[in-house]
1. Taking the criterion of being surrounded by 18 or more Cβ atoms within 10 Å (Cβ to Cβ) and farther than 23 Å from Thr110 by Cα, would at least one residue in the range 33-45 satisfy it?
2. Which of the residues belonging to the range 19-35 are of a type outside the set (Ser, Thr, Tyr) and in a helix (DSSP H, G or I)?
3. Can you name the residue in the range 107-128 that is over 21 Å from Ala78 (Cβ atoms) and hydrophobic (A, V, I, L, M, F, W, C) and is also surrounded by the fewest Cβ atoms within 10 Å (Cβ to Cβ) among such residues?
Amino acid sequence: MSNKRFNTGSGPSQRQLRVGELIRRTLSDVLNRAEIHDPELNAMSITVGEVSCSPDLKVATVYVMPLMGSVPVEAAIAALARNRAELRHRVAAELTLKYAPDLRFRPDETFDRLDETRRLFSDPAVQRDLDAADDAE
């Protein structure tokens, strides 16, 4: 019997990526059109940066960030978590999946990592090392 139930590769499968992108677009549209029956959530502008799915597509981790820091990230995640069932229902209605994935909301730290990377590259010691590597070639 084969033991290849899950992808053992280094990254997500094409199906995981495709389903994650479809969920991201659906959630973005739902939040943009303010279709949720929560005035507090509808008052927020939330960006859905990425959605990563588990190998069995039953759990989707949604990385979100409020636009322009309009509200604290924790408040946005709390509002989304309160409305998880309705958001899951909207995703299930839009997509033709066997199971509607359980949505888990996390802060999107992509921009923080980008700022840290820029800071590291501007460090004089790193610049010296990069210049030395260029001279060696």
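Read the figures in this text as sums done on the coordinates, not as results from a lab. Remember, predicted model here, so these are calculated numbers, not experimental data. Positions of Cβ are backbone-derived with ideal geometry, glycine not excepted, and every protein chain shown enters the neighbour counts.
1. yes
2. Just the residues of the range 19-35 that are of a type outside the set (Ser, Thr, Tyr), to begin with: 19-25, 27, 29-35.
Once the filter is applied, which keeps residues that are of a type outside the set (Ser, Thr, Tyr) and in a helix (DSSP H, G or I), the range 19-35 yields Val19, Gly20, Glu21, Leu22, Ile23, Arg24, Arg25, Leu27, Asp29, Val30, Leu31, Asn32.
3. Top of the filtered list is Ala125.
One line per residue, one yes/no per condition, for (1) farther than 19 Å from Asp29 by Cα; (2) not hydroxyl-bearing (Ser, Thr, Tyr):
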site	(1), (2)
Val91	no, yes
Tyr99	yes, no
Thr117	yes, no
Phe121	yes, yes
Pro124	yes, yes
Leu130	yes, yes
